[in-house]
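Everything below concerns the one structure shown next.
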Amino acid sequence: MYSKMQLFALLFSLSFILACDKNSEPAQEIDLTPDGSVLSTDEQLLGVVDDYGLMGLSVVLFANHDIAYEGTIGYAVYEAERELTRNSVFRIASITKTVSSIALMQLVEQGLADIDDDISNYLGWELRNPNRPGEVITLRHLLGHTSGIRDGEGYGTFIGDMFGNDIHIKELFKPGGDHFTDDMFAEHAPGEFFSYSNASWSLVATVVELITGQRFDHYSNRHIFEPLGMNASFNVTDFDPHEFATLYRMQDGIWTPQVDFYEDSPPQERAPDNYVPGTNGLLYGPQGNLRIDTKSLSILALTLMHGGEWQGVRILEETTLNSMVEPHWEYDGSNGDTWDDFWMSYGLGIHHITNREGKDVIFPDRTFLGHAGIAYGLLSDMYVDPETGSGVIFITNGSKRPFEYAKTSSFYAMETAVFDILYPLLLEKEAAN
């Protein structure tokens, strides 16, 4: 074994070498110590944190249908020197969409909703693409990002105005509404074209509220998080402020908090006092606002891996989950916006990794299902393969270096650097089983 001083010298050398070419991917020579022995997984990940200047990194590897490795490095809150742990709570960004999809599919499973119905039947007002007024929009279209709804200018202004105010969601989607803008809808007919949309998930949550009569955050707590014993919620006020991992961006050489910095004041409730469930499902952020710790995100991953059940608690029937994970859209060369070959196949709130060379690759010998997230300096992944019982969670709450694509994948270079470290460990764990 070697001393901390030797490890520091190694990491300093790596930082100096890689600083000469900040556009290069991390060198894989970090797996050896100064005396020639092999670095542990913890030490290799510390090299990635050092190379990219990450605020913090939380990683989980799944093998043989269970957790095989967990590691956390860095700060949850830089100003307070609060270290990141598996219990640190992140605003997890678009991994949220998988949870929101589960909430709606629970109601489909109970016969309370049909994903191929006109969503207007649930909303109580007519939702149509003004460019395609004769075509109905269904829940399936919403869950699969093929509705034709876009994140237009009105979406941003609606979010800015809705907190603490009684604004109906139809003001965003109805022509003539106070927040409607012409760029909220594409020219494509529903079902024709994949276009990733955050705004459409407000309607998913609104339908959940209208069917159940419960606020979306309350429903999710009672029917997903509490049964599974997860420390998770769509409502930021459900947590102790000291649980949060603040999300950071580096601005003018200074770490600048973006979200969930509560050292000075506690988080505030989003809904107005007189909020009526079903009027604005966007309030609690079904598109990206879920707060969850790594331990609980692992429970979600294991639940997906085990057919909708974990440790005797079932939140979805396996047939329902199968209907979610099967591809409802696949890229054929012209039927969607892939975001530089990242979105190649999608189910219902669940992303499919196709493992096409040079494109959406995590590990080279298997495909995955799950979701990624990016927002406010955070970068996140949760992907599993139920067939092999493998998977990975990656979360960072800030990076000094910009997010740049890897040379061999449509994931970012810092993600693939971690995947490359975990893959040999996965093979080792599988071989030992």
- Note on the structure: Apart from one, (1) of a type in the set (Phe, Trp, Tyr); (2) in contact with a His (Cβ under 8 Å, 6 or more places away or on another chain); (3) within 24 Å of Thr206 (Cα to Cα) all hold for Trp343; the odd one out is (3)
- Task: Within the stretch 358-384, track down each residue that is under 20 Å from Glu330 (Cα atoms), among the charged types (D, E, K, R) and either crowded, with 22+ Cβ neighbours inside 10 Å or in contact with a His (Cβ under 7 Å, 6 or more places away or on another chain) (or both).
- Result: Asp360
- Query: Going through the stretch 163-221 one residue at a time, which ones are among the aromatic types (Phe, Trp, Tyr) and surrounded by 19 or more Cβ atoms within 10 Å (Cβ to Cβ)?
  - Reply: Phe173, Phe180, Phe185, Phe194, Trp201, Phe216, Tyr219
- Message: Taking the criterion of being buried (at least 22 other Cβ atoms within 10 Å of the Cβ), of a type in the set (Phe, Trp, Tyr) and without any contact (Cβ under 8 Å) to a residue 60 or more places away in the chain, would at least one residue in the stretch 340-357 satisfy it?
- Response: no
- Message: From the list Pro272, Pro266, Pro257, Pro241, exactly one residue is surrounded by fewer than 21 Cβ atoms within 10 Å (Cβ to Cβ), more than 22 Å from Lys97 (Cα to Cα) and touching an Asp or Glu at 6+ places or on another chain (Cβ under 6 Å). Which is it?
- Response: Pro272
- Item | The lone exception for Ala199 - which of (1) in contact with a strand residue (DSSP E or B) (Cβ under 8 Å, 6 or more places away or on another chain); (2) assigned to a helix (DSSP H, G or I) it fails | (2)
- When the stretch 329-365 is checked residue by residue, the ones that are over 27 Å from Gly398 (Cα atoms), of a type in the set (D, E, K, R) and part of a loop (DSSP other than H, G, I, E, B) are Asp332, Arg356, Glu357, Asp365
- In the stretch 366-412, which strands (runs of 3 or more DSSP E) lie fully inside it and hold 2 or more residues that are of a type in the set (Ser, Thr, Tyr)? 378-385, 390-396
- Query: Among the candidates Gly285, Gly213, Gly308, which residue alone is among the small types (Gly, Ala, Ser), over 23 Å from Tyr122 (Cα atoms) and modelled with pLDDT of 95 or more?
  - Reply: Gly308
- Given the conditions (1) surrounded by fewer than 19 Cβ atoms within 10 Å (Cβ to Cβ); (2) at pLDDT 95 or above; (3) of a type outside the set (A, V, I, L, M, F, W, C), which single one is not true for Thr33? (2)
- Query: Within the set of pairs 6 or more residues apart or between chains, which connect a residue that is touching a residue at least 40 places away in the same chain (Cβ under 8 Å) and at negative phi inside the stretch 306-322 to a residue that is surrounded by 14 or more Cβ atoms within 10 Å (Cβ to Cβ) and polar (S, T, N, Q) with Cβ atoms less than 6 Å apart?
  - Reply: Trp310/Thr303
- In the set Glu330, Glu318, which member is in contact with a Ser or Thr (Cβ under 9 Å, 6 or more places away or on another chain), more than 30 Å from Tyr52 (Cβ to Cβ) and surrounded by fewer than 17 Cβ atoms within 10 Å (Cβ to Cβ)? Glu330
- In the stretch 224-238, residue farthest from the chain's Cα centre (by Cα) [restricted to those that are assigned to a helix (DSSP H, G or I) and either hydrophobic (A, V, I, L, M, F, W, C) or buried (at least 18 other Cβ atoms within 10 Å of the Cβ) (or both)]: Leu228
- Query: Which one is surrounded by the most Cβ atoms within 10 Å (Cβ to Cβ), of the residues in the stretch 303-315 that are hydrophobic (A, V, I, L, M, F, W, C), under 13 Å from Ile224 (Cβ atoms) and under 20 Å from the mean Cα position of the chain (by Cα)?
  - Reply: Leu304
- Tell me which residues, restricted to the stretch 146-162, are touching a residue at least 60 places away in the same chain (Cβ under 8 Å) and either part of a loop (DSSP other than H, G, I, E, B) or crowded, with 23+ Cβ neighbours inside 10 Å (or both). Thr146, Phe158
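The values are calculated or read from the model by the stated rules, or taken from the named source; none is laboratory data. Since the model is a prediction, treat every value here as computed from it, not as a measurement. So basically every Cβ, Gly included, is an ideal-geometry build from the backbone, and we count neighbours across all protein chains shown.
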